[in-house]
Structures are given as structure tokens and as C-alpha cells.
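Working notes, beginning with the structure itself.
What follows is calculated from the coordinates using simple rules that are stated; it is not laboratory data. Everything numeric here is computed off the predicted structure, so don't read it as measured data. Don't worry about glycine lacking a Cβ; one is built from the backbone with ideal geometry, like all the others, and counts go over all protein chains shown.
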Amino acid sequence: MEQSLFTSILFATIVAGTPLIITALGELVTEKSGVLNLGAEGVMSVGAIVAFAVTHHTQNAFYGVLAGMGAGMLMSLLFAILALTLMANLVAAGLALSIFGVGLSAFIGKPYESIALASQVPVRIPGLASIPYLGPALFEQQALVYFSWIMLGLVAWFLYRTRTGLTLRAVGESPVSAHDIGHPVLRYRYLATLYGGAMAGIGGAFMSVFYTPMWVEGMIAGRGWISLALVVFATWRPLRVMVGAYLFGGAMIAQMFLQGSGLQLSIPAQFLSSIPYAATIVVLVLISRNLKTIRLNSPASLGQPFLPDA
Amino acid sequence: MWLRFEPRTEPSRTMRYLSPVLAVLLMLLFGLFLFKALGKNPMEGFQVFFMKPLKDSYGISELLLKATPLMMCAVGLSVGFRANIWNIGAEGQLLIGALAGGWVALRFDTTGSPLLLPAMVLAGALGGMLWAAIPAFLRTRFNANEILTSLMLVYIAQLMVSWLVHGPWKDPDGFNFPQTKLFDQAAMLPILKEGTRLNASFLIGLGALAVGWLFMNRSFLGYQMKVAGQAENASRYAGFSAKRTVWIGMLAGGCMAGIAGLSEIAGPMGQITEHISPGYGFAAMIVAFLGRLNPVGIFFSSLLMSLLYLGGEQAQQYMNLPSSISKVFQGLLLFFLLGSDVFVYFRPRFGKKK
């Protein structure tokens, strides 16, 4: 394969996978604490439009991403209050967050629909970027791509190498025992949920500020849901989240390359666009058919409410 | 903590029915603040959004027209929700129902057969059920989570509609617009009241509510679904089939969503375009929760949700606000409902615990 095609496929795959990694890493930590937040789609949408608007007004993508993160945390705080303090049904509260977030983003985003942002300049890592084939794809990327790699390392280190991470996992496995030995279960769950929201907000910001870069209603197009599926696919392990995200990233850009490849395929564009969604279903089936894998790997209290004084 | 929630020994029936009312009031109150924050006169906003759509009998007919797909989808979904079967892909099932029913219309609308309309409704129901059968099969056979699979199928259904109206089903005389030809009059659901768009699908919707009520409250199968939702272990000990619960829950939702989709294209639209549904399948989940998964409640909450759609259109027309404000209200309503529901299961207690 010639260098340019290989490199550009790899480059595009990484870009397409990045919002998924960021969002899924957030959801992973949330779920590790035992909270199932189905609101990622809504949080990403709101993060995307808030980041877009702030970047547009300040002309500074960093402020934009920060604002997207803040918006994501606010959204997930709403969810946490409902699900953790008011003990609403987790599934319903997560759905509410998704429906509300998608609607809210459409509402806020209306005035921004015909605006395009300047493309963000990639960050070139000297030396590494000169590696043939790989360099330009891996080390001449947007800052948030490196951020996603750093977060992957941090999340893995936090969950498996720190005391707080251990407690967080304990809270997710058995909130009652964790509570009995004096850990503040709800505080852990709140923080884990807020972290998940922050990451989904950044994931959304990546979409609108770096990836497209513009705002279109519905542009998240299921990436929040796919991130949820990724966590299951990864059997709640950080490194596998990354592998899965790049597989999906590849599926998402397949259409671009098939159409541009000059192969004169007579496949309608809509069929190619549906690949990531179909792939999500296939992947869920493959991983879920073995009940034992899911039981062994999923946090034992996932999706169950916890009453501190009951 | 100054405010605590103490579990009730039994869920409060009063609060169960009061909580949706509380949620609606909170939403209205929040709406006033929202209009104010947007620099509009709150009272004018309230008037335009919630009163203006209902000012004449045409407005009422539009309210019932838009409530129809909502009540259909919601009553179907509530069968599954009662058993904790989370079919969140009604939107996709609605679209496939519209495609299946629409295919019958496009193929046979000039044959003059008296069976045309019944065949269309049947095809719509089957289409929706087929789309719902996929997550049901994957759940019962492979244990795949129906929330994610049913939702993914929404996106696939949307792409399928887009492909058909841009490609094979595009009206050759339609100036290249992505839409099918207009159906022949024979393939249109009869109008109930001259001068309005309200059609026979409203009656189908009412019928569905009645059937839903009978099924949930007067049939053994409906009882099994309820037990499966409220006490999984009891249901297992009693030997009720968990797989059957999944199948019934999913298929009921798919069937009704499919008919709802057919009603849209054979009613107000008269053809298939890319915009069959403004999110009815998702809004119907809110309708189902707000109506307490009960057909009578669903009837009223579908009217309210329909009003939110109409209000959004009015706000766009008269107040220069995006019509997506409806979706903000819908989401808020569900938030407030879930929040108010805390009082169903818990008693608020003030002051420190002794």
C-alpha cells in the first residue's frame, strides 16, 4: 500500500475513534462505581454545542473544550441528583438526560447552524512525527487525541493502582460492604458520574470544534450510545476501550474511503453509513452471548440503587 | 442533613397520581423562567405556547391528530416497560411500519380493492413488529441488551428511509425531491371531521388504549408481565416464561409504533418523505411514564405532549424561537416527573435524624 493512503486511513481512524475513547473512558469510570448513565448521547450533544459556541465567541478552542467539559458536568449533575439523591429509576433518568440533551443542544444550536470554525492546527510532536508511515498519522494529531491517550493511561492507573480507584471499584461491586467499612458510597458515585459527564462533554467538544468543525443538529449521531456499547464490548477494561474505539473509528470512515477509492461501487451511501450502527449490534451480540463474561466483568451493583440508611 | 428521604413501607397511591401533576406544574413554572431568560414576556410565551394552539376547533383537531401516534406508541411501549423491557427504539419501529404500509400503498393504491386500507394497517403493524423482533431475538437468544440494540436500529431505519426516498422509491415526477409520489385518495385514512386533518387513526389509537387496558388489567398474560416487572424472582418461581415476556413486550411496542408510522404517511403526509416523525417514538416514552404506564393516563399525557409539539410550532411562528424548544420542555417534563416520583416511594423528613 502506498504511504499516503495507509497514513491517511490510519489518521482518519484515530480521529474518528477519539471522541468514542474519551466518552467511553468517562462512562467506564461511572459504571465502575455502579452507576449506569445512559445519558452520554445527550451530554455529548450539549458539550458539542457549548464548546462550539464558546470557541466561536472567544476564538479559542481551549476555552471551548473547557466549557464543553463544564456543560457535561452540569448535565451529569442533573442526572446524579435524580438518580442518586432522588433515587429515580436509573434507566429512565439516563434516557431523560439523552432526550433532554439532544433537544437542548438543538435549541441552543439554532443560531450557530451556518457558522464554520477555523480548523484547529494539529500539534506535531518533533522527532516521532518523522517516522515513516506511522508518524504523520499518530504524532501530527489534534491535542485532544494525545489527551485521549493520556487519559487512558491515567484511568487505568487510577482504577488498578491507586487506593481511591480500588475503593471506587469496591463501591461498584458491593456498595453495602463499602458503606459498612466507612466509605462514602454516594460521594464516590457522584464524583464518578461527574467525571463521566466531563469526559462526554469533552468528547462532544471534539466533535464540533475539531472533527467537523461546525455545528449541525444531531451531529453526535449515536456516538454517545456507541460509547456505551463500547464499554460493554471492552468488558469494562480501559485498554480494550481504545481498541474498540479505533475499530469503530475504522468502520465510520470506511464509507469515506470506499466512496473515494474510485472502485465504482454501486453501494448506496446510506448502507455504508449504517455500518457503525450494525457493527455495534454485532459486537454486542458477540460479547453478550457468553453470559459468564458479562457477569464476571461487569460491576456487580451496576444499575442498582443504593440507600445509605436502609 | 436537613432533608432526608425515608422509605415508605408501601408506595403511595396518592403520590403516584399526584406526581405527574406536580411535574407538569414545575415544567410550566420553569417555562415561565425560560421565556424570561430568553428575553421574552413570560405571560406572552405561556399564552402562545400553551393556550394559542387550543383557541379553536381546528386547533383541537390538530391536538388530537398529533396525540394519536404518541398514544399508540406509548400504549405499546408501556406493555414492555411494565415488565422492565426497555424498548427505546419505537422511533425506528415507527419508520419501518411506515415503510411497510407505504409499500402496500404505493403498490396497490390504484387497484380499487376494499382491502387496501386494512392491508396497509396490517403491513404497518407487521413492519414495526419485525423491527422490534430483532432486539427481542438478540435479547432472548444472545442476551444482548435491548436498550442499545433497539436504539441502534433507529439509526439504521432512518438511513433506510433516506435511501428509499432518495433512490428506488423516489417520485419520478417529483422534481428530484427526496419523496415518494402522493398516495391515491384510496390509500388515505378517512377524515373524521370535514375541514380538519383528523383521521380514522385517532379511532385506532383509542381502540389501542382500550385493548391495552384490557390486556394489562384483565388478562393473565398482562398480569404475568406486571409480575415480571415488579418481582422478577416471584415471576421465575411461578414459572412465567421470561423469554415470552421479552417477546410480548417488544412486539407490542413494535406493533403499535408501526401502526403509528402508517397513520402518519396515510394521514397528514400522504406520501413518504425523510421527515415521517418529529421524534414521536422518543416522546412516546415520556408519554408512557407520565401516564403511569396506564392507558387512561397515557391518553391525557399524549394530549399534553401533543400540545408541547404544537406550542413549539407556535413559538417558532410568533416568538421567533426555534421549534426545538418543544424538546427542551419534553425533556424537562421527564426530569421533573422522575424527580417528583421520589415522593411515591419515600417520605420527606426534615431535620436531623435522631
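A few notes on this one:
- Using a Förster distance of 60 Å, the FRET efficiency for A:V121-B:A231 (Cβ separation, nearest 0.05): 0.50
- Residues B:D109, A:D180, B:D171 arranged by fewest to most Cβ contacts within 10 Å: A:D180, B:D171, B:D109
- Under 5 Å from the amide H of A:V123 lie the amide H atoms of A:Q141, A:Q142, A:A143, each residue being 5 or more positions distant or on a separate chain, with H modelled from the backbone and absent for Pro and chain starts.
- Distance between the pseudo-spin-label points of B:F33 and A:L291 (7 Å out from Cα toward the beta carbon): 4.7 nm.
- Highest-first arrangement of A:278-287, B:38-47, where packing means the average Cβ count within 10 Å: A:278-287, B:38-47
- For the segment B:317-326, counting C-beta atoms of other chains within 10 Å of every residue's C-beta and taking the mean gives 3.
- With a 10 Å cut-off around each Cβ of B:134-146, the average count of Cβ atoms from other chains is 4.
- Partner shielding of A:286-294 amounts to 3, given as the average count of beta-carbon atoms from other chains within 10 Å of each residue beta-carbon.
- In terms of its C-alpha gyration tensor, chain B has an oblate overall shape, because the principal axis ratio a/c (a ≥ b ≥ c, square roots of the eigenvalues) is not below 1.5 and a/b does not outweigh b/c.
- The loop-placed chymotrypsin sites (Phe, Trp or Tyr not before Pro) in the stretch A:43-152, going by DSSP, that have at most 14 neighbouring Cβ atoms within 10 Å of their Cβ come out as A:Y133.
- Derived value for the protein assembly as shown: Kirkwood hydrodynamic radius 25.8 Å. Basis is the mean of 1/r over every pair of different alpha-carbon atoms.
- Positive minus negative residues near B:L117 (Lys, Arg vs Asp, Glu; Cβ under 13 Å): -2
- Amide H within-cut-off set for B:R347, under 5 Å, with H built and near neighbours excluded: B:E6, B:R8
- The stretch A:116-132 residues near the modelled A:Y146 label - backbone nitrogen below 12 Å, point 7 Å along Cα→Cβ: A:122-129
- Estimated FRET transfer efficiency when R0 is 51 angstrom, pair B:R4-A:R161 (beta carbons, to 0.05): 0.90
- Derived scalar couplings ³J(HN,Hα) [the stretch B:64-77; Karplus, 6.51 cos²θ - 1.76 cosθ + 1.60; whole Hz; x for Gly, Pro]: 5, 4, 6, 6, 4, x, 5, 5, 4, 4, 5, 5, x, 5
- Listed residue pairs exceeding 25 Å between alpha carbons, taken from B:K66/B:K327; A:K32/A:K292; A:K32/B:K327; B:K55/B:K193: A:K32/B:K327
- Measuring r between the beta carbons of A:T235 and B:T273 and using R0 = 35 Å, the FRET efficiency lands at 0.25.
- Gyration tensor (alpha-carbon) shape descriptor, the stretch A:86-234, a/c threshold 1.5: oblate
- Chain lengthening between B:A186 and B:A210 when straightened (0.36 nm per residue, less Cα-Cα): 5.9 nm
- ³J(HN,Hα), Karplus 6.51/-1.76/1.60, whole Hz, each residue of the stretch B:175-184, x for Gly, Pro: 6, 6, 6, x, 7, 7, 5, 5, 5, 5
- Across chain B, Cα pairs under 8 Å and at least six residues apart give a relative contact order of 36 percent.
- Around B:L32: net Lys/Arg minus Asp/Glu count, Cβ-Cβ under 15 Å: +1
- Taking a straight Cα-Cα cut-off under 14 Å and skipping sequence neighbours fewer than 8 places away in the same chain, the aspartates and glutamates within cross-link reach of A:K110 are A:E217.
- Extension gain (nm, one decimal) between B:T111 and B:V21, 0.36 nm per residue minus Cα-Cα: 27.4 nm
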